[in-house]
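**Q** After the structure tokens below, expect a handful of questions from me.
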Amino acid sequence: MKEKLEKIKVVALEEINSASSTKGLEEIRIRLLGKKGELTGVLKEMGVLSKEERPVMGKIANDVREAIEDKMVKQKNIIKEIEQSKEFDTEAIDITLPGIKEEFGGLHPLNMVIEELSDVFIGMGFTIEEGPELEWAKYNFDMLNVPKDHSARDLQDTFYVHNDIVLRTQTSPIQVRTMLNQQPPIKMLAPGRVYRSDEIDATHSPVFHQVEGLVIDEGITMSDLKGTLDMFAKNLFGSQTKTKFRPHQFYFTEPSAEMDVTCFMCGGKGCRVCQNTGWIEILGCGMVHPNVLLDCNIDPNKYTGFAFGMGLDRITMIKYGISDLRLMFENDIRFLKQFK
Ligand code: 2NL
């Protein structure tokens, strides 16, 4: 038995010495010291030894085990160092490689116009309000005095999600929500995305952008409307800008008008953008219809107000020389990069 143990020790130390991986070393450990291992097997045979022989053999067996374990730990450290240095070699970072350039994003031209416009109105004391794009048909049409049989309500023009729910066709429901939540004075701006069931081409899109404004207080008149919108135009397009108002018709305002500004491309001399008229139509406006105020629980005998609405896409396109509306919604990085 003593020879057996000695032999195990010699062979084991040899094997451990030539082990070259953590995995190989573990295999050797299991084969020698595991439950069914060689050394364990020898120890199990100790039962047949005499009382005197047993402790002597036990000590030898223990010494062999210790020697093996000791060698294992040493070899393990050697292997670890080799494996680590191999890892360092293969995973080395080549500091001479060129870096990866991080591209910075920029604002979409539409958002630049919305921000610029909002700043002008914030400067005049307006708040900026938001609302859901999925809207009650009631807030989108009924509360705005739009007749039940009006063509704007047609399935052809409006995306109905449900009998009572639409993708908003204008940002006016934001004003309705504000009026329902708050008594005058109200001085608010509502920019946002709106939807109409349109075919896509260079000047039409089923999704586009609007800003609407609303001012309600005691004693608000058409003069306030004209003064505010003229001031806005001069702030956005330059102090030499002139405005003119032409009569128009909307269901939610009475009287109503459209406002033109002197062409901000040619200064009014006449160019391609203004089709040689010197003027560009930019918004619709009017005095809020008493029916709208009534439906929103505001007393039309105490309060009056004005409202306006303008499309943002066309203004943005003129301002930045964008020739096709589709470019604005494709989000091609080459397009977006040009406006930084
Ligand atoms: C246009 C014209 C307009 C309004 C929008 C409005 C909203 C409420 C009450 C009264 Cl809650 N009016 N909005 C008023 C006049 C014109 O938009 O051409 N938009 C693109």
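**Q** Treating the range 1-104 as a set of equal point scatterers at the Cα positions, no solvent, please give the Debye-formula log₁₀ I(q)/I(0) at q = 0.12, 0.20 Å⁻¹.
**A** -0.53, -0.99
**Q** Please report, largest first and rounded to whole Å, the three semi-axes of the ellipsoid equivalent to the chain, where each semi-axis is the square root of five times an eigenvalue of the C-alpha gyration tensor.
**A** 87, 27, 18
**Q** In what sequence, largest accessible area first, do 65, 272 appear using a 1.4 Å probe?
**A** Largest to smallest exposure gives the sequence 272, 65.
**Q** Calculate for the chain the 222 nm mean residue ellipticity that helices alone would give, adding -39,500 (n - 2.57) per DSSP H run of length 4 or more and normalising by residue count, nearest 500 deg cm²/dmol.
**A** So the helix-based figure for the chain works out to -13000 deg cm²/dmol.
**Q** If I build a Gaussian network model for the chain, linking alpha-carbon pairs within less than 10 angstrom, which residue out of 24, 131, 309 has the largest mean-square fluctuation?
**A** With Cα springs under 10 Å in the chain, the top fluctuation among 24, 131, 309 is at 24.
**Q** Summing +1 for each Lys or Arg and -1 for each Asp or Glu, what net charge is found among the other residues whose Cβ lies under 13 Å from the Cβ of residue 19?
**A** Combined, the nearby Lys, Arg, Asp and Glu give +2.
**Q** As a quick test, which of the pairs 7/86; 148/302; 4/86; 9/51; 2/74; 138/242 have an alpha carbon distance above 31 angstrom in this structure?
**A** Cα-Cα > 31 Å for 7/86; 4/86; 138/242; rest within.
**Q** I'd like the accessible area for residue 332, computed on protein heavy atoms only with a 1.4 Å probe and all protein chains in place. Round to 10 Å², please.
**A** Surface open to solvent at residue 332 totals about 50 Å².
**Q** Would you mind counting up the charge near residue 115? Only other residues with Cβ under 15 Å from its Cβ, with Lys and Arg at +1 and Asp and Glu at -1.
**A** Values: positive: 319, 340; negative: 116, 119, 130.
Local charge sum for residue 115: -1.
**Q** Specify the inter-centroid distance of the range 218-254 and the range 278-340, based on alpha-carbon positions, in whole Å.
**A** 13 Å
**Q** Here's another thing I want to ask about it. Given the convex hull of the Cα atoms of the range 159-285, what is a quarter of its surface area in nm²?
**A** On the way: hull surface 38.8 nm².
That works out to 9.7 nm².
**Q** Order 177, 334 by their accessible area, 1.4 angstrom probe, all chains in place, largest first.
**A** 334, 177
**Q** Which GluC sites (Glu not before Pro) in the range 79-109 sit in a loop by DSSP (not H, G, I, E or B) and have at most 12 other Cβ atoms within 10 Å of their own Cβ?
**A** 91, 102, 103
**Q** What figure in square angstrom, to the nearest 10, would you give for the accessible area of residue 245 with a 1.4 Å probe?
**A** Rounded to the nearest 10, the figure is 50 Å².
**Q** Can you give the relative contact order of the range 109-339 as a percent, counting alpha carbon pairs under 8 Å and 6+ residues apart?
**A** Rounded, it is 21 percent for the range 109-339.
**Q** At 1.4 Å probe size, what's the solvent-accessible area of residue 63? Round to the nearest 10 Å².
**A** 70 Å²
**Q** Can you list, by residue number, the Cys in the chain that have no neighbouring cysteine C-beta under 4.7 Å?
**A** 285, 296, each lacking another Cys Cβ under 4.7 Å.
The values are calculated or read from the model by the stated rules, or taken from the named source; none is laboratory data. Bear in mind the structure is a predicted one, so any value in this text is a computation, not a measurement. Glycine also receives a Cβ, built like all others from the backbone with ideal geometry; neighbour counts cover every protein chain displayed. Accessible surface areas use protein heavy atoms only, side chains included; no ligands, DNA or RNA. Shrake-Rupley method; radii C 1.70, N 1.55, O 1.52, S 1.80 Å.
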